[in-house]
Amino acid sequence: MISRISSRLALLGATAVLVAGLTTGASAETYTKEHLAAARAAIAAAKVTEGFDEILIGVAAQTKQVLVRRAPAASTQIEEVTNAVALELVPRRGELNQQIQELWAGRFTKEELDEITRFYASPVGQKFTKEIPAIGQGIGMAAQVWQKKIGEEMLAKVRAEMKKRGIEL
């Protein structure tokens, strides 16, 4: 469960960074329908937006938490109203999809997007999609272990050098 959440957060973070870069790219008007369709297909094949439906659920939960803290006696009504507003906002999910499609269309040609789709539809692409969260988690853990190890080594070396200079740390 934690690895799934971590991988989704990492993907969300990476996508957010990429979406921020969208403002420097071409506008949506410059993409043909075919180019955006190719981006949509590549995104679906790569399962890039999986888990993004959970964003609205998380926002609703945060909203409830903030408002219930301010008015605990109204918690039932806050729950009811927040759920209704969340359902009202569900159709807005397409805005995120559109931004991501424009981002991909701005970074890849239609032909490249078609190739990406073919890759993710292939057996190795499907395996890659399945394995990348665990690989990402393993990379993160390896980086943390290395960071701790190198940090301890650096601290020891700096202390030793400072001791030679007459400063005890």
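Keeping to region 120-135, report how many residues are buried (at least 16 other Cβ atoms within 10 Å of the Cβ) and modelled with pLDDT of 95 or more.
Of the residues in that region, 2 qualify.
Among the candidates 160, 143, single out the residue that is within 22 Å of the chain's Cα centre (by Cα), modelled with pLDDT of 95 or more and either surrounded by fewer than 10 Cβ atoms within 10 Å (Cβ to Cβ) or not assigned by TED's automatic domain parsing to the domain that holds residue 56 (or both).
143
Consider residue 88 against the criteria (1) assigned by TED's automatic domain parsing to the domain that holds residue 49; (2) at positive phi: it satisfies all of them except one. Which criterion is unmet?
Checking residue 88 against (1) assigned by TED's automatic domain parsing to the domain that holds residue 49; (2) at positive phi, the one that fails is (2).
Do you know which of the residues in region 15-40 that are under 16 Å from residue 94 (Cα atoms) and in contact with a Leu (Cβ under 7 Å, 6 or more places away or on another chain) is modelled with the lowest pLDDT?
Out of the qualifying residues, it is 19.
Among the acidic types (Asp, Glu) and in a helix (DSSP H, G or I), is that true of residue 152?
yes
Residue-by-condition table, conditions (1) in contact with a Gly (Cβ under 8 Å, 6 or more places away or on another chain); (2) outside the structural domain of residue 32 (by TED's automatic domain parsing):
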site	(1), (2)
63	no, no
67	no, no
74	no, no
77	no, no
92	no, no
100	no, no
103	yes, no
110	no, no
135	no, yes
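The values are calculated or read from the model by the stated rules, or taken from the named source; none is laboratory data. Owing to the predicted nature of the structure, the values given are computational and were not obtained by experimental measurement. Glycine also receives a Cβ, built like all others from the backbone with ideal geometry; neighbour counts cover every protein chain displayed.
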